[in-house]
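Visitor: Can you read through this structure? Questions will come right after.
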Amino acid sequence: MPQIDHFAHFQRGLESPCSRHFTIVPQDGVDLPVKPRVLRVLTSGDLAVRDEAGAVIVYAVIAGETIGFSAVGIEASGTTASVAGWY
């Protein structure tokens with residue numbers, strides 16, 4: 001039986017839930033292939049997040065946490081947690 005999507009005729013907006021996700025492999029100085037709307041923490045640890053200005057901040061994160069940040073990159077140096085990107 002095909003899936004029913006009652007919202008298919010509505011345009012998705014910024015407040016709409018994300019509909020796609022991807023695993024992020026941290027790499028120093030490499031932009032993510034898709035800029036996520038948010039990050040979802042899969043395993044606890046430290047997360048080195050790079051923004052569009054190139055600034056990197058390391059955050060202590062816990063599994064299950066959703067971070068409302070559209071990261072440009074996740075750096076391998078300083079990252080011990082694992083994350084997925086949602087968009």
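Visitor: Multiply the residue separation of residue 62 and residue 28 by 0.36 nm, subtract the distance between their alpha-carbon atoms, and state the gained length in nm to one decimal.
Guide: Additional length available on full extension: 10.1 nm.
Visitor: Can you give me the distance in nm between label points at residue 43 and residue 76, each placed 7 Å from the Cα along the Cα-to-Cβ direction?
Guide: Going by the 7 Å Cα→Cβ label model, 1.6 nm.
Visitor: Provide the per-residue ³J(HN,Hα) series for segment 66-71, in order, calculated from phi with Karplus coefficients 6.51, -1.76, 1.60 and θ = phi - 60°, each as a whole number of Hz, with x at glycine and proline positions.
Guide: These are the phi-based 3J(HN,Hα) values: 10, 10, x, 9, 9, 5 Hz.
Visitor: Now for a different question. What order, most packed first, do the peptides 56-65, 12-21, 78-87, 30-39 have when packing is the mean number of other Cβ atoms within 10 Å of each residue?
Guide: Values: 56-65: 13.8, 12-21: 9.1, 78-87: 18.4, 30-39: 16.2.
Going by the mean number of other Cβ atoms within 10 Å, highest first, we get 78-87, 30-39, 56-65, 12-21.
Visitor: Once you keep just the Cα pairs under 8 angstrom separated by 6 or more residues, what percentage relative contact order results for segment 2-87?
Guide: RCO, segment 2-87: 41 percent.
Visitor: Another question, if that's okay. Would you mind counting up the charge near residue 84? Only other residues with Cβ under 13 Å from its Cβ, with Lys and Arg at +1 and Asp and Glu at -1. Mind showing how you got there, number by number?
Guide: Details: positive: 20, 37, 40; negative: 65.
Summing Lys/Arg as +1 and Asp/Glu as -1 gives +2.
Throughout, read-outs are computed from the coordinates displayed, never taken from laboratory work. Note that the structure is predicted; figures quoted are calculated from it, not measured. FYI the Cβ positions are ideal-geometry reconstructions off the backbone, even for glycines, and counts take in every protein chain you see.
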